[in-house]
Amino acid sequence: MLALAATAAHGQITLKSPSWNELAERDRQVLAPLQSDWNNLDGQRKQKWLGLAKRYPTLQPEEQQRIQTQMQEWSRLTPDQRNDARERYKSLKSLPPEKKDAVREKWQEYQNLPPDKKRELAAKAPPPPAPAAGSRPPPQQPARTPAKPPAAPPTPVPHPATP
């Protein structure tokens, strides 16, 4: 009976999920770009962001600025865009090391392009991939398979700000 009680108690362990107003002032300052979304995040994501906020003071100013910029960009994404970014991140994480290196190299090449060239590439970007099998397409667009892949080079995938 004791083992059953321990198992039941173990199943109820939850991560602390503080509301925005419960955060320390220094954490709210660091995480300010996420304020509008904070109370909708699950406990696990909140804990990851709080871990970043705790490390933030030890980071170099350039790294702090990069993180702030990424959080601001992340906060402007729609929920669908965020899910897409998470999926791209997961797929990149599962690549073998040599393919990861190739992606990093391509990303660095893209980062070194002048802004006008980046805009040009973005304008030529292929449409988002078709929905996965078993998922429903958006109501305003019928599901269809393209006849042939687009000729434009793929748009580099930025590293998402989600920890």
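Which pairs turn up if I take residues in region 64-80 that are more than 17 Å from residue 52 (Cα to Cα) and look for partners that are among the small types (Gly, Ala, Ser) and surrounded by 12 or more Cβ atoms within 10 Å (Cβ to Cβ) with beta carbon separation below 7 Å, at least 6 apart in sequence or on another chain?
Pairs found: 77/85.
Within region 4-26, does at least one residue satisfy the condition of being modelled with pLDDT of 90 or more, touching a helix residue (DSSP H, G or I) at 6+ places or on another chain (Cβ under 8 Å) and among the polar types (S, T, N, Q)?
Yes, region 4-26 contains at least one residue that is modelled with pLDDT of 90 or more, touching a helix residue (DSSP H, G or I) at 6+ places or on another chain (Cβ under 8 Å) and among the polar types (S, T, N, Q).
Restricting the search to region 33-69, which residues are acidic (Asp, Glu), surrounded by 12 or more Cβ atoms within 10 Å (Cβ to Cβ) and farther than 19 Å from residue 86 by Cα?
Once the filter is applied, which keeps residues that are acidic (Asp, Glu), surrounded by 12 or more Cβ atoms within 10 Å (Cβ to Cβ) and farther than 19 Å from residue 86 by Cα, region 33-69 yields only 63.
If residue 100 passes every condition in (1) basic (Lys, Arg); (2) at pLDDT 85 or above; (3) more than 20 Å from the chain's Cα centre (by Cα) but one, which one does it miss?
Unmet condition: (3).
Take the residues in region 52-68 that are farther than 14 Å from residue 31 by Cβ and in a helix (DSSP H, G or I); name whichever of them is nearest to the chain's Cα centre (by Cα).
Applying the filter and picking the extreme gives 66.
The values are calculated or read from the model by the stated rules, or taken from the named source; none is laboratory data. None of these values were measured; they are calculated from a predicted model. For neighbour counting, all protein chains shown are included, and Cβ atoms are generated from backbone atoms with ideal geometry for every residue, glycine included.
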